[in-house]
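See structure below.
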Amino acid sequence: MMVQFLEIKEQHKDALLFYRMGDFYELFFDDAQAAAAALDIALTKRGKHLGEDIAMCGVPHHAAEGYLLTLIRKGFRVAICEQMERPEEAKKRGHKAVVKRDVVRLVTPGTLTEDSLLDARAHNFLCAYGEVRGEGALAWVDVSTGAFWVSPITRLRLGPLLARIAPREVLLGHGLCEDLRPTVEEMGSVVTPLSDASFDSAGAQARLNAAFSTASLDGFGQFSKAELGAMGAVLEYLELTQRGQIPHLSPPRQEHPGAVVRLDAATRRNLEITRALSGGRAGSLLDAVDRTLTGPGGRLLEQRLTAPTTDLAQITARLDAIEWCLSEAGASVHLREVLRGVPDMERALQRLSLDRGGPRDLAALRQALAQAADLSGRLPKDAPSAIAQAQDSLRGHEALRDLLDSALVAEPPILARDGGFIAQGYAPELDEARTLRDEGRSVIAQMQARYQDKAGVGALKIKHNNVLGYFIETPATHKDHMLGEAMAEMFIHRQTTANQLRFTTLELSELETKILNAASHALELEKALFATLRTAVLERIGPLAQAARALAELDVAAAWADLALDREWCRPDLDNSRQFKITKGRHPGVEAALAREGTAFVPNSCDLSADDEGATPLWLMTGPNMAGKSTFLRQNALIALLAQAGAFVPAEAAHIGVVDQIFSRVGAADDLARGRSTFMVEMVETAAILNQAGPGALVILDEIGRGTATYDGLSIAWATLEHLHDQNRCRTLFATHYHELTALTERLGGLATASVAVKECENEVIFLHEVRAGTADRSYGVQVAKLAGLPEVVTARAAEVLKTLETGAERPTSQTLLDDLPLFTATPTAPPPPPKSDVVQDRLAEVLPDTLTPREALDLVYELKALLDEG
């Protein structure tokens with residue numbers, strides 16, 4: 001057995017080998033030590049090898065998925081080695097023969113299909129990047145759904161695209177691993193090296209034609225050699241990991257550069273599109289707007305938010321679908337009621353195509369097709385194009401639905417080997433086997449009654465023992481009758497005892513064989529019927545995949561409509577102009593959070609539209625921290641993103657010229673792992689914006705230059721602002737605390753100023769969260785520090801220093817500060833005296849409102865007024 005293990009392990013050196021032994025997957029040697037540490041399970045030993053104990057650990061096969069998930073998350077690859085025959089079959093070759101085993105699947109982060117190992121509302125992508133003569137391409141596939149994409153791409157754009165796709169695993173040729181591994185791992189993906197030959201375009205073309213049963217790929221598009229190589233590498237890897245069992249894949253969809261809005265990794269992080277800065281989904285844009293009811297709908301919604309389109313026709317079609325759902329309230333409500341119970345067709349189909357599906361996957365298809373028929377019958381023929389196309393895809397599946405409905409029980413088991421999933425009456429032979437299995441005694445009793453009538457012997461019995469099996473027994477007094485010529489044609493004499501005669505019949509022998517094999521025969525019949533049903537599904541897998549996609553489309557449209565109605569979002573007006581006018585816009589995430597607390601969001605307008613002379617629309621934002629500048633910046637970027645995802649937006653009105661890039665530099669964080677300070681990270685992200693942003697971009701920048709000396713930061717912010725205005729010429733929101741930058745409005749024609757209003761009352765600052773034209777006169781940093789809870793002695797001292805700095809005719813020297821404000825030698829300022837007692841407040845503190853009668857409340861008002869008059 002260990003020889004067999006070592007032979008199989010030699011073929012899978014880079015994976016943990018799950019070696020099936022009865023009801024357990026066992027691991028040996030180094031695999032056992034690594035798995036025991038990763039899974040926190042006991043490490044034992046079994047036998048010796050080269051004089052050393054063999055380390056061993058194991059996990060139950062029925063609970064293996066949970067252990068697999070832990071190992072995959074910790075970066076391991078796992079080879080699943082199954083027993084390919086029963087022990088009884090092995091013994092036929094000799095009593096010491098070892099059961100045949102082989103690896104049936106290689107489990108890797110990018111090839112998972114089990115529901116328990118996947119997030120139902122997120123894709124699980126496997127990517128491959130290849131280059132041919134300087135041209136690069138990225139192919140990505142979700143094995144659990146069959147979605148297949150490819151795009152030509154440069155190395156410069158590889159990082160942003162990986163940030164958008166968020167693949168679990170990236171395939172690279174050996175020649176590219178060293179250069180690109182840091183880029184891939186920075187995105188949180190696992191690198192899997194492949195031979196450079198795996199990316200050969202000629203071999204790839206042959207693999208693709210074989211996979212899609214085509215003679216040419218021209219029907220899918222014109223692909224470059226680099227694109228063919230990347231797609232071919234994906235297919236080769238799937239053949240390797242699935243051991244030749246290629247999953248159903250949709251025809252590859254080519255994504256051309258510029259087809260979607262470009263967002264780099266920093267922008268995605270700063271805008272918190274799918275993940276909040278805290279690291280989880282909660283608090284992200286996706287979390288705030290996701291009202292989809294199905295897994296495929298949730299995945300489609302995430303795809304649209306991470307890759308907003310620049311295609312106006314596509315955006316319009318999506319907005320029309322939402323508007324139809326809003327106008328047809330009754331149909332939309334019914335639509336969402338039906339969708340609430342629709343299972344995940346996409347992943348059920350993929351498991352069946354990989355022969356990993358079970359009866360419950362067939363039942364999921366049956367249920368989904370029934371609900372699809374319900375929806376297609378209720379949707380009107382004159383609906384917008386997106387709804388009409390979905391309706392067409394939901395039709396034509398009646399025969400398969402009826403087949404599954406008649407074949408399956410209401411609640412089938414997960415696994416086919418458990419049996420009991422084929423409905424009574426569907427297969428007569430199976431019904432007979434089940435009857436024999438479950439009601440063998442009743443069948444024997446019925447046969448006994450027939451034989452008693454035919455023989456005319458009421459004492460005739462059918463009995464059973466371990467030697468003869470089933471037999472017919474009559475008293476010896478009926479010997480002459482039973483051995484007579486008339487009975488001899490039916491009853492075959494087997495044995496005579498002192499008091500009994502024993503017989504059998506051909507019918508009884510056959511029945512005995514059936515009864516003894518009934519359980520296994522019934523299970524084999526069910527397995528055969530399952531294979532037949534699976535084949536029927538796979539014959540229509542293309543149309544079924546389209547139906548699954550249609551249900552997801554309807555789910556997203558209805559979810560957007562529900563959100564728009566609930567939060568009073570508007571339909572944006574999009575065109576190819578340079579307009580960007582948002583009327584009373586709101587931040588979707590912040591608004592939702594405030595609504596849960598019962599607080600209203602203060603809306604603000606923004607107009608970055610270019611004038612007739614083509615001046616660059618650029619706003620310079622000033623105002624204190626905590627006033628809402630960052631929220632205002634982010635909300636306008638998110639409104640643009642939502643609009644181009646095809647959604648209504650949180651505003652009273654919105655007119656947006658299509659944006660092809662969104663760049664965001666908001667917030668501060670260091671990157672210690674790569675030796676980058678906060679300021680260095682800020683400069684790298686700013687450099688990316690200045691080098692890449694074009695006229696169609698939307699840029700939001702917050703407090704550029706704050707991480708270094710004041711004059712250095714001011715200089716960098718000044719030069720950055722000029723470059724954005726003169727060179728990039730893109731729509732920009734630029735927030736700063738450097739009030740000196742407002743002087744640029746005199747020289748830069750496309751620069752306007754705006755500030756976030758505050759109100760100062762008795763040395764306290766009240767944030768109004770209103771954006772107004774003009775500049776702020778100060779930053780109110782000391783007041784914000786006081787709100788944050790700094791000791792009062794510190795904020796009072798800070799106010800003194802600030803006053804000295806602001807009233808100086810010129811920049812004070814260090815010596816001046818030491819002379820005028822002896823920070824280090826002076827006696828610390830004494831804490832301020834406690835506030836005087838307020839008699840009115842003291843009296844109110846004594847009042848318990850719930851105990852007051854109306855007359856007592858009125859008397860209290862007069863009493864408080866008298867106390868105020870007394871001073």
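The values are calculated or read from the model by the stated rules, or taken from the named source; none is laboratory data. It should be emphasised that the depicted structure is a prediction, and the values quoted were computed from it without experimental measurement. Every residue, glycine as well, gets a Cβ built from its backbone with ideal geometry; the counts of neighbours run over all protein chains shown. Just so you know, the surface numbers come from the protein's heavy atoms only, side chains and all, with ligands and any DNA or RNA stripped out. Shrake-Rupley method; radii C 1.70, N 1.55, O 1.52, S 1.80 Å.
Legend: calculated FRET efficiency, residue 524 to residue 50, from the Cβ-Cβ distance at R0 = 56 Å, rounded to 0.05, equals 0.80.
Compared with the dominant Cα axis of the chain, that is its longest principal axis, helix 678-692 is turned about 80°. Potential lengthening of the chain between residue 93 and residue 584 amounts to 168.6 nm, from the contour at 0.36 nm per residue minus the alpha-carbon distance. May I ask you to derive the FRET efficiency for residue 63 and residue 243 from their Cβ-Cβ distance with R0 = 30 Å, giving the value to the nearest 0.05? Rounded to the nearest 0.05, the efficiency is 0.85.
Evaluate the charge dipole of the chain about its Cα centre and quote only its size in Debye, nearest 20, assuming +1 on the Cβ of each Lys and Arg and -1 on the Cβ of each Asp and Glu.
Once rounded to the nearest 20, the dipole reads 2660 debye.
Please give the Cα centre distance for region 387-429 versus region 296-320, rounded to the nearest Å. Using only Cα atoms to place each centre, the spacing works out to 32 Å. Applying both filters, DSSP loop and at most 13 other Cβ atoms within 10 Å, to the trypsin sites (Lys or Arg not before Pro) of region 690-782 gives 747.
Secondary structure note: in region 54-203, about 70% of the DSSP beta bridges are antiparallel. The accessible surface of region 20-104, taken with every protein chain in place and a 1.4 Å probe, is 51 percent carbon and sulfur.
Hey, what angle do you get for helix 359-378 against the long axis of the chain, alpha-carbon based, 0 to 90 degrees rounded to 10? With rounding to tens, the tilt is 60 degrees. The stretch between residue 185 and residue 85, if pulled fully straight at 0.36 nm per residue, gains 31.9 nm over its current Cα-Cα span. Among 69, 520, 604, which residue has its Cα positioned farthest towards the positive end of the charge dipole of the chain, with +1 placed on the Cβ of Lys and Arg, -1 on the Cβ of Asp and Glu, and the dipole taken about the Cα centre? Highest projection toward the positive end goes to 520.
Each peptide among 591-604, 424-437 gets the average number of other Cβ atoms lying within 10 Å of its residues, and from highest to lowest they stand as 424-437, 591-604. Phi angles across region 520-532 convert, under the Karplus curve 6.51 cos²θ - 1.76 cosθ + 1.60 with θ = phi - 60°, into 3J(HN,Hα) values of 5, 5, 4, 5, 5, 5, 5, 4, 5, 5, 4, 4, 5 Hz, Gly and Pro given as x.
Would you work out the relative contact order for the chain, in percent, from Cα pairs under 8 angstrom that are 6 or more residues apart? Reported as a whole number, the value is 9 percent. Only protein atoms count toward the accessible area here, which uses a 1.4 Å probe; on region 195-350, the carbon and sulfur part of that area reaches 50 percent. Taking the 0 to 90 degree range and rounding to the nearest ten, how far is the long axis of helix 541-567 tilted relative to the main principal axis of the chain, both from C-alpha atoms? Orientation of helix 541-567: about 40 degrees from the principal axis. Report the label-to-label distance for residue 454 and residue 313 in nanometres (one decimal), using points 7 Å from each Cα along the Cα→Cβ vector. Taking the two extended label points, one gets 7.6 nm. Among the GluC sites (Glu not before Pro) within region 472-548, those in coil by DSSP and having at most 13 neighbouring Cβ atoms inside 10 Å are 489, 539. Applying both filters, DSSP loop and at most 14 other Cβ atoms within 10 Å, to the trypsin sites (Lys or Arg not before Pro) of region 87-147 gives 92, 93, 96, 100, 133. Note on the chain: antiparallel DSSP beta bridges, both residues inside, total approximately 60 percent of the bridges counted.
Computed with every protein chain present, the accessible area of residue 442 is close to 50 Å² [probe 1.4 Å].
Charges were assigned to the Cβ only: +1 to each Lys and Arg, -1 to each Asp and Glu. The resulting dipole of region 38-149 about its Cα centre is roughly 640 debye.
Once the chain from residue 216 to residue 595 is taken as fully extended at 0.36 nm per residue, the excess over their C-alpha distance is 130.9 nm.
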